[in-house]
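Asker: Could you have a look at this structure, given as structure tokens, before my questions?
Values quoted throughout were computed directly from the atomic coordinates according to the rules given, and no laboratory measurement underlies them. For clarity, every value in this text was computed on a predicted model and none was experimentally measured. All Cβ positions, even for glycine, are placed from backbone atoms using ideal geometry, and neighbour counts span all protein chains on display.
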2 protein chains.
Amino acid sequence: MERITLSDVAEAADVHVSTASRALNEASRSVVKPATVERVLAAAERLGYRPHPLARGLRTSRSLSVGVVIPDLQNPLFGPIIAGIEQSLAPEGYSVLITSARPGEKEAVENLVDRRVDGLILATAQRSDQVIERLAEQKTPTVLVNRHVESVDVPSVVGDDHLGTRLAVDHLVEMGHTTIGHIAGPAHLSTGLARRQAFEQTMHDYGYRVLIEDADGFQVAPGEQATGRLLEREPGITAIVAANDLIGLGAYRTVRSLGRTVGTDVAITGYNDVAMLDLMEPPMTAVRVNFRRMGQMAADTLLARLDGRSVDPIILLEPTLSIRASTKGG
Amino acid sequence: MERITLSDVAEAADVHVSTASRALNEASRSVVKPATVERVLAAAERLGYRPHPLARGLRTSRSLSVGVVIPDLQNPLFGPIIAGIEQSLAPEGYSVLITSARPGEKEAVENLVDRRVDGLILATAQRSDQVIERLAEQKTPTVLVNRHVESVDVPSVVGDDHLGTRLAVDHLVEMGHTTIGHIAGPAHLSTGLARRQAFEQTMHDYGYRVLIEDADGFQVAPGEQATGRLLEREPGITAIVAANDLIGLGAYRTVRSLGRTVGTDVAITGYNDVAMLDLMEPPMTAVRVNFRRMGQMAADTLLARLDGRSVDPIILLEPTLSIRASTKGG
DNA sequence: GGACCTTATGCAAACGATTGTAGTGCGCTA
DNA sequence: TAGCGCACTACAATCGTTTGCATAAGGTCC
């Protein structure tokens with residue numbers, strides 16, 4: 001099955017290839033006689049013509065594709081983000097090139113830039129990041145998602161960590177808790193830091209003591225260990241705000257191993273609300289971040305930048321709170 | 001920052017662009033004088049030349065990219081699959097175009113074919129599928145992952161459902177169970193059917209009764225309902241083999257709501273072993289499918305096809321069994 | 001020392017589109 | 001009827017590569 005090219009269409013419509021091109025392109029269509037447009041369109045339709053994106057891209061130096069760099073594709077967070085990105089981009093004719101940052105973020109980005117993507121969406125930024133600075137210098141349209149970089153003005157789409165943390169604390173306070181601890185995530189990641197600061201501030205506003213212990217990572221085991229340290233130091237704690245869900249599940253384990261019950265003895269909140277949290281025992285209350293929506297907004301922001309429209313440097317996504325048994329005292 | 005093109009390199013090395021091209025391409029390098037190769041390579045290095053994939057693709061009609069179609073990016077299964085695909089393809093210089101089958105599988109595939117991907121990996125196949133048949137006719141290199149289509153000979157990489165199901169049943173029998181039920185997945189998906197048949201066969205081999213109830217989908221709620229029907233019909237059941245993890249978790253719910261205990265009263269096994277199953281209460285025994293590896297194998301198979309090498313029509317991935325408390329009787 | 005092969009390079013045509021510019025034919029005006 | 005503008009379309013260059021073919025220089029053979 002041979003591919004139909006523009007000149008096939010032109011020949012069939014008995015016009016020059018350039019005329020065919022103009023007839024097919026919305027923008028330039030106005031300069032060609034309506035009757036001719038009709039003929040070209042009919043021929044294209046009849047032959048089943050599909051434009052060749054590579055050839056077009058070569059000429060127009062636009063590939064109609066965007067690159068997405070993900071630190072760890074295994075992380076269930078990124079599925080929804082990618083889904084959201086895809087959903088926003090596909091209708092505009094853009095394709096999505098996915099790359100893992102595995103060998104290295106720099107290599108991943110270089111590879112995508114080599115491929116002449118029109119823009120980039122990065123989910124990998126550390127709080128400061130040379131790769132992103134370079135990208136900003138070269139004026140490569142870039143949007144960050146779920147991370148914020150302070151040093152350069154690349155727009156980022158992030159959850160409102162301050163609001164989210166406050167939702168969790170407010171809820172716990174409402175349930176009668178006053179001695180509330182926080183298991184913080186790594187401070188070199190923007191979400192780790194932001195949630196920690198938000199916790200400090202909120203507790204300060206309430207006039208309660210600020211009790212924090214750092215987990216070495218956003219994983220179950222570090223959460224388990226950090227919770228152990230915190231409860232040993234401050235046995236009076238009745239509620240724990242975890243910096244993410246996995247840390248929260250680690251806290252579950254520690255609380256249990258101390259012979260206490262999650263929900264009644266110690267309330268625990270997670271953050272992100274990944275799938276299956278409602279299936280835990282007890283189901284875990286968590287700040288819910290709509291990652292699909294986050295992906296959509298990142299894609300929309302990138303589209304705006306590609307259009308030359310100016311965009312807010314930081315787009316906040318409002319989280320909600322999914323209240324479940326882990327904070328309801330059985 | 002202007003892009004460096006091949007003719008820049010050629011000029012710098014004081015050779016014709018065609019010579020530069022030959023010097024840079026492994027395959028044709030042998031025809032150009034070693035000293036010249038040296039000069040060209042040096043110039044390319046010095047200028048930081050990066051070839052333009054679109055231009056190359058236009059000429060060679062290879063895009064060095066493959067398309068991946070995923071039915072539902074939200075499903076945590078696909079993260080690891082994509083990770084595996086990416087891991088195998090990236091070192092070979094291929095990029096991965098991800099598309100959701102959301103608007104429609106046909107549209108997704110057409111879009112990718114328009115973009116001139118060199119090959120396709122589909123995770124979306126129903127048991128019979130016209131889109132795939134068309135692809136096979138057009139000889140577009142295609143590999144299926146986690147699904148098998150009977151009607152055409154497109155290679156598929158799938159978990160060995162027969163083995164996996166047998167692992168689960170064997171384990172349950174070993175634990176002393178004889179009255180074992182199966183909650184089957186939808187029969188129009190190959191995994192649903194295969195696991196059901198494997199269960200029938202295995203139970204038949206053991207000489208036990210075959211007790212099966214169909215769930216309307218691979219989700220928690222259908223699993224919960226189907227388990228309810230099964231236990232009502234056959235109250236003597238002491239163990240349940242679920243067609244996937246979520247169905248298994250649905251079974252958890254039903255068992256609990258009947259006032260019985262998972263693990264001691266009724267053993268339950270899941271299938272796939274998605275993340276966080278070990279964090280359930282009780283942790284769930286499940287047949288573990290290595291989806292990352294599955295993605296890798298799909299990518300490797302596609303690479304083989306692209307190389308013109310012939311490949312097995314069906315590649316089986318051996319599952320293992322992750323034994324946890326849900327089958328250990330507390 | 002001319003025919004001939006080998007080796008290394010240059011030339012130019014592709015690949016399939018887009019787009020600035022030139023040209024054609026027509027009707028209109030003076 | 002010559003001149004002009006207008007509407008339309010054709011020509012050709014271009015994007016950055018790859019690649020068949022021509023060409024040039026140098027070496028070998030008889």
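Asker: In deg cm²/dmol and to the nearest 500, what is the mean residue ellipticity at 222 nm of chain B if only DSSP H runs of at least 4 residues count, each as -39500 (n - 2.57), divided by the residue total?
Answerer: Numbers: 12 runs with 142 residues, N = 330.
Roughly -13500 deg cm²/dmol at 222 nm, from the helical runs in chain B.
Asker: Go through the stretch B:43-58 residue by residue and turn each phi into a ³J(HN,Hα) via Karplus (6.51, -1.76, 1.60, θ = phi - 60°); whole Hz please, and just put x for glycine and proline.
Answerer: Values, residue by residue: 4, 4, 4, 4, 7, x, 6, 10, x, 9, x, 5, 5, 4, x, 4 Hz.
Asker: Excluding residues on the same chain fewer than 8 positions from B:Lys106, give the lysines whose Cα lies under 19 Å from its Cα.
Answerer: Counting by Cα, and skipping residues close in sequence, B:Lys106 has these lysines nearby: B:Lys139.
Asker: Per residue of A:74-83, count partner chain C-beta atoms within 10 Å of its C-beta, then hand back the mean as an integer.
Answerer: Values: counts 9, 4, 9, 2, 4, 10, 3, 1, 8, 9.
Mean shielding count: 6.
Asker: May I pose another question? With θ set to phi - 60° and the Karplus curve 6.51 cos²θ - 1.76 cosθ + 1.60, what are the ³J(HN,Hα) couplings of the stretch B:11-16 in order, to the nearest whole Hz, using x for Gly and Pro?
Answerer: 4, 5, 8, 6, 9, 6
Asker: Can you list residues whose amide H is under 5 Å from A:Ala239's amide H, if they're 5+ apart or on another chain and H is modeled 1.01 Å from N?
Answerer: Close amide H contacts, sequence-distant or interchain: A:Gly181, A:Ala267.
Asker: If you don't mind, there's one more thing I want to ask. Please report how far the C-alpha centroid of the stretch B:19-73 lies from that of the stretch A:267-330, rounded to the nearest whole angstrom.
Answerer: With the stretch B:19-73 and the stretch A:267-330 each reduced to a Cα centre, they are spaced 42 Å.
Asker: What is the mean number of Cβ atoms from other protein chains located within 10 Å of the Cβ atom of each residue in peptide B:206-215, rounded to a whole number?
Answerer: Working: counts 0, 0, 0, 0, 0, 0, 0, 0, 0, 0.
Per residue, the average neighbour count from other chains is 0.
Asker: Let me ask something else about it. Work through the residues other than A:Lys33 whose Cβ is under 12 Å from its Cβ and net out their charges, Lys, Arg +1 and Asp, Glu -1. List each step's numbers first, then the result.
Answerer: Details: positive: A:Arg22, A:Arg29, A:Arg39; negative: A:Glu38.
Net charge around A:Lys33: +2.
Asker: While we're on this one: When a/c is below 1.5 the answer is rounded, else prolate if a/b is larger than b/c, else oblate, so apply that to the protein assembly as shown with a ≥ b ≥ c taken from the square roots of the Cα gyration tensor eigenvalues. Write out the running numbers ahead of the final one.
Answerer: Working: a/c = 2.11, a/b = 1.40, b/c = 1.51.
Because a/c hits 1.5 or more and a/b fails to exceed b/c, the protein assembly as shown counts as oblate.
Asker: I've got another one for you. For B:Ser95, list long-range residues whose amide hydrogen, built 1.01 Å from N in the peptide plane, is under 5 Å from its own amide hydrogen.
Answerer: It is B:Ser65, B:Val66, by chain and number.
Asker: I would also like to ask the following. Looking at the protein assembly as shown, what % of its DSSP beta bridges pair antiparallel, to the nearest 5? Working shown, then result.
Answerer: Values: 9 of 79 bridges.
Restricted to the protein assembly as shown, the bridges split so that about 10 percent are antiparallel.
Asker: Quick one: what are the phi-derived ³J(HN,Hα) couplings along the stretch B:71-88, Karplus 6.51/-1.76/1.60 with θ = phi - 60°, whole Hz, x for glycine and proline?
Answerer: With the stated coefficients, the stretch B:71-88 comes to x, 8, 5, 6, 4, x, 4, 7, x, x, 4, 4, 4, x, 4, 4, 4, 7 Hz.
Asker: Cα gyration tensor of chain A, axes a ≥ b ≥ c as square roots of the eigenvalues: rounded (a/c below 1.5), prolate (a/b > b/c) or oblate? It would help to have the intermediate numbers written out before the result.
Answerer: On the way: a/c = 3.16, a/b = 2.74, b/c = 1.15.
Prolate, because a/c is 1.5 or more and a/b exceeds b/c.
Asker: Continuing with this model, one more query. Mind giving me the nanometre distance, one decimal, between the label points for B:Glu150 and A:Arg209, set 7 Å out from Cα along Cα→Cβ?
Answerer: 6.8
Asker: Straight distance only, please: which lysines reach the Cα of A:Lys33 with their own Cα at less than 23 Å, same-chain residues fewer than 8 apart left out?
Answerer: none
Asker: Which value, in Å³ per residue, describes the convex hull spanned by the Cα atoms of the stretch B:6-50?
Answerer: Values: hull volume 2.5 nm³, N = 45.
Measuring per residue, one finds 56 Å³ for the Cα hull of the stretch B:6-50.
Asker: As an exercise, identify the trypsin sites (Lys or Arg not before Pro) in the stretch B:1-59 lying in DSSP coil whose Cβ has no more than 14 other Cβ atoms within 10 Å. List each step's numbers first, then the result.
Answerer: Values: sites: B:Arg3, B:Arg22, B:Arg29, B:Arg39, B:Arg46, B:Arg56, B:Arg59; in loops: B:Arg3.
In loop regions of the stretch B:1-59 (DSSP not H, G, I, E or B), the sparsely surrounded trypsin sites (Lys or Arg not before Pro) are B:Arg3.
Asker: Which longest run of chain A has no exposed loop site in it, a site being GluC sites (Glu not before Pro) in a DSSP loop with at most 16 other beta carbons within 10 Å, and the site itself not part of the run? Walk me through the numbers on the way to the answer.
Answerer: Values: sites that count: A:Glu2, A:Glu150.
Excluding the exposed sites themselves, the longest stretch runs over A:151-330.
Asker: Still on this structure, please answer the following. Would you look at the GNM of chain A, springs on alpha carbons closer than 10 Å, and say which of A:Val287, A:Val15, A:Val145 moves the most?
Answerer: A:Val15
Asker: What average number of partner chain Cβ atoms lie no more than 10 Å from the Cβ of the residues making up B:43-51? Walk me through the numbers on the way to the answer.
Answerer: Working: counts 0, 0, 0, 0, 0, 0, 0, 6, 1.
Shielding by partners across B:43-51 averages 1.
Asker: With unit charges on the beta carbon (Lys/Arg positive, Asp/Glu negative), name the residue among B:Gly236, B:Ala20, B:Thr99 whose Cα is farthest towards the positive pole of the charge dipole of the protein assembly as shown.
Answerer: B:Ala20
Asker: Return the long-range amide H neighbours of A:Ala184 (sequence gap of 5 or more, or a different chain), with a cut-off of under 5 Å between placed amide H atoms.
Answerer: A:Glu213, A:Asp214, A:Ala215
Asker: Considering only B:Pro53, B:Pro282, B:Pro313, give the residue with the highest GNM mean-square fluctuation for chain B, with springs between Cα atoms whenever their separation is below 10 Å.
Answerer: Comparing B:Pro53, B:Pro282, B:Pro313 in the GNM, the peak value goes to B:Pro53.
Asker: Rounded, prolate or oblate: which fits the stretch B:62-174, taking a ≥ b ≥ c as square roots of the Cα gyration tensor eigenvalues, rounded meaning a/c under 1.5, else prolate when a/b beats b/c?
Answerer: On the way: a/c = 2.04, a/b = 1.60, b/c = 1.28.
Cα axes put the stretch B:62-174 in the prolate bin.
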